[in-house]
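One structure is given here, and the rest of the page talks about it.
The values are calculated or read from the model by the stated rules, or taken from the named source; none is laboratory data. Note that the coordinates shown come from a computational prediction; the quantities given were computed from them, not determined experimentally. All Cβ positions, even for glycine, are placed from backbone atoms using ideal geometry, and neighbour counts span all protein chains on display.
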Amino acid sequence: MTLRKHILQNNTCNVVLSPVSVQLVLGLVAAGSESETLKQLLSFLKAESTDELNSLASHLVNHVFTGGSPSGGPILSLANGVWIDKSLSFKPFFSKIVDDVYKAAYDVLDFKNKANEAADKVNAWIKKETNGLFKDIVPRDQFDDETTKIVFANAIYFKGLWANKFDMLNTRKYDFHLLDDSSVHVPFMTSTITHYCISAFDGFKVLQLPYKHETDMRDISMYFFLPDAKDGLSTLVDKLASESGFLERHIPSVMERVGELRIPKFKMSFGFEASKALKELGVCAQCTVHFRKT
């Protein structure tokens with residue numbers, strides 16, 4: 001959330017960021033690091049040791065991202081990947097962590113002499129793990145620089161249906177307010193259901209929209225944190241980033257009667273070069289990290 005706040009300060013566009021992806025990729029980097037690089041990564045990730053990071057990664061891989069039923073429940077899957085240049089080799093302890101803890105795919109490629117082939121293999125893996133949503137994420141010229149020796153990748157795939165579907169006939173256009181103080185006229189999904197799990201707090205509201213699931217599966221929901229003020233997003237993000245346990249303390253649990261509920265239909269895509277942001281936040285290790293989310 002600290003990284004999310006930092007990125008938002010320098011953007012007026014939509015920002016899509018997965019904290020879990022950042023956690024797992026940097027956790028993998030930390031597992032193979034030492035000295036000052038490891039110290040900086042542990043400080044940024046607020047962890048005491050790589051054992052702590054590996055324990056969290058194991059929990060996420062084995063218990064949180066446990067698939068789902070294509071027929072009756074949300075599909076939630078996770079994949080990690082590591083590729084190294086043929087001039088290097090995996091140390092046994094690192095191979096064990098990659099295999100046993102992160103359940104990651106890994107391979108040895110020729111980055112220097114077969115850069116296009118290496119990029120194609122990484123992109124093919126990403127495409128497969130995201131059911132075709134991501135294509136050609138890694139540029140072919142990414143490996144032209146002789147300093148590129150290792151590539152880490154994380155892919156999260158989610159697909160779900162609302163527990164209470166929105167009727168397409170009730171879709172209407174309304175103004176949606178942007179961060180640059182302008183607005184756009186866009187379609188809003190409109191619900192006629194009168195009761196939702198929603199709570200109002202000082203300066204913002206939180207809405208829970210559950211996804212359809214089978215009786216033997218865990219509940220998965222989307223939560224909307226909506227500031228009362230049109231320009232209140234940055235203030236809300238400050239609270240999210242600075243107050244420990246903020247999300248957990250503001251999850252609604254009681255069904256309340258609401259008036260008309262409108263949610264904009266949205267499709268968001270965002271990419272950024274994380275190295276600069278991480279350096280500004282105290283991670284100065286010599287590595288380049290790219291993140292793209294859709």
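Please determine, by comparing only the residues of the range 11-38 that are without any contact (Cβ under 8 Å) to a residue 40 or more places away in the chain and over 18 Å from the mean Cα position of the chain (by Cα), which one is surrounded by the most Cβ atoms within 10 Å (Cβ to Cβ).
Within the range 11-38, the match that is surrounded by the most Cβ atoms within 10 Å (Cβ to Cβ) is 30.
Within the range 186-237, which residues are within 23 Å of residue 14 (Cα to Cα), of a type in the set (D, E, K, R) and loosely packed, with under 14 Cβ neighbours inside 10 Å?
228, 230, 231
Could you say which residue among 183, 199 is outside the structural domain of residue 83 (by TED's automatic domain parsing) and farther than 24 Å from residue 17 by Cα?
199
Within the range 239-252, does at least one residue satisfy the condition of being surrounded by 16 or more Cβ atoms within 10 Å (Cβ to Cβ), over 19 Å from residue 4 (Cα atoms) and not aromatic (Phe, Trp, Tyr)?
Checked against the condition, which is being surrounded by 16 or more Cβ atoms within 10 Å (Cβ to Cβ), over 19 Å from residue 4 (Cα atoms) and not aromatic (Phe, Trp, Tyr), the range 239-252 yields at least one hit.
Enumerate the strands (runs of 3 or more DSSP E) found wholly within the range 71-178, keeping only those where 2 or more residues are closer than 30 Å to residue 51 by Cα.
Strands (runs of 3 or more DSSP E) meeting the threshold: 75-85, 105-109, 150-159.
Taking residue 255, is it touching a His at 6+ places or on another chain (Cβ under 6 Å), surrounded by 12 or more Cβ atoms within 10 Å (Cβ to Cβ) and outside the structural domain of residue 23 (by TED's automatic domain parsing)?
Yes, satisfied.
If I filter the range 39-65 down to residues being touching a helix residue (DSSP H, G or I) at 6+ places or on another chain (Cβ under 7 Å), of a type in the set (Gly, Ala, Ser) and assigned to a helix (DSSP H, G or I), which single residue comes out as surrounded by the fewest Cβ atoms within 10 Å (Cβ to Cβ)?
Across the range 39-65, the extreme among qualifying residues is 58.
Within the range 245-253, does at least one residue satisfy the condition of being closer than 28 Å to residue 190 by Cβ, in contact (Cβ under 8 Å) with a residue 60 or more places away in the chain and in a helix (DSSP H, G or I)?
No, there is no match, as no residue in the range 245-253 is closer than 28 Å to residue 190 by Cβ, in contact (Cβ under 8 Å) with a residue 60 or more places away in the chain and in a helix (DSSP H, G or I).
Among the residues of the range 73-97 satisfying the criterion of being among the hydrophobic types (A, V, I, L, M, F, W, C) and either surrounded by fewer than 16 Cβ atoms within 10 Å (Cβ to Cβ) or within 30 Å of residue 163 (Cα to Cα) (or both), which is modelled with the highest pLDDT?
Of everything passing the filter in the range 73-97, 93 is modelled with the highest pLDDT.
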